[in-house]
Every structure is written in C-alpha cells, then in structure tokens.
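In what follows, a single structure is set out as structure tokens and then discussed.
FYI, it's all coordinate maths here, none of it is from the lab. Quick caveat: nothing in here was measured; it's all calculated off a predicted structure. Heads up, the Cβs are rebuilt from the backbone with ideal geometry, glycines too, and the neighbour counts pull from every protein chain shown.
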Amino acid sequence: MLTASSALLLIALGSYAALCAIQPFGTCHKCRGVGYRLRRTRTGAVKRGKPCRRCRTHGKRLRLGRRLHNHARRVHSAGTRTHTRSTNRKEALPWQ
Ligand SMILES: [Zn+2]
C-alpha cells in the first residue's frame, strides 16, 4: 500500500526521468546560460568577461539524471557481448 508521500516521491521521480529524456540539457547555473561571466565597466555598461569554465561557453549542462542514465548505459554496453548481426545478415542473404 502506497502512502501519500511515497506516491508523491514516485510521481516526482517519474516526472524528472521524463524531463531528462525529453530535455537532457539544462541551463548552466554558474553563468545562467550566457556562457561568459558578465562584468560591469566604470560607466555601468555590461560587458562580456571570462568564458565559463563549467559549461565551456555553451551555456548548457547535462542534467544529473541524464548523466546517470548515460553512465548506466555505458556500463551495460561494456558488459554485454557485441552483436554481429549486421555482418551475419549480409552473409545470410540467399539472393546474393
Ligand atoms: Zn556556464
């Protein structure tokens, strides 16, 4: 039997997983999506500063859930045998 709090937790996890599947990149928190640090000149005008080291001037970052998913997929593919279906299919065609 699910309590209300565990049902809410499951809904939150499911919605976050859907968000990571649909939109894997989020806005960089350090530069707020600009890609550069913004600085003000003496007159008060905003100028572009140093490039953001966290996102490397893209302004986007890979979400934590997507990063975990990619790591799990990489571990799974490294631990399973490779499929040679494409090479076998070319040899198994009867009309060639
Ligand atoms: Zn950034």
Looking at the P(r) of region 27-79, how many percent of alpha-carbon pairs lie beyond 17 Å? 53 percent
Other-chain or far-sequence residues with amide H under 5 Å of K60's (modelled H): C28
Say R0 is 30 Å: what FRET efficiency, to the nearest 0.05, do K60 and S5 get from their beta-carbon distance? 0.35
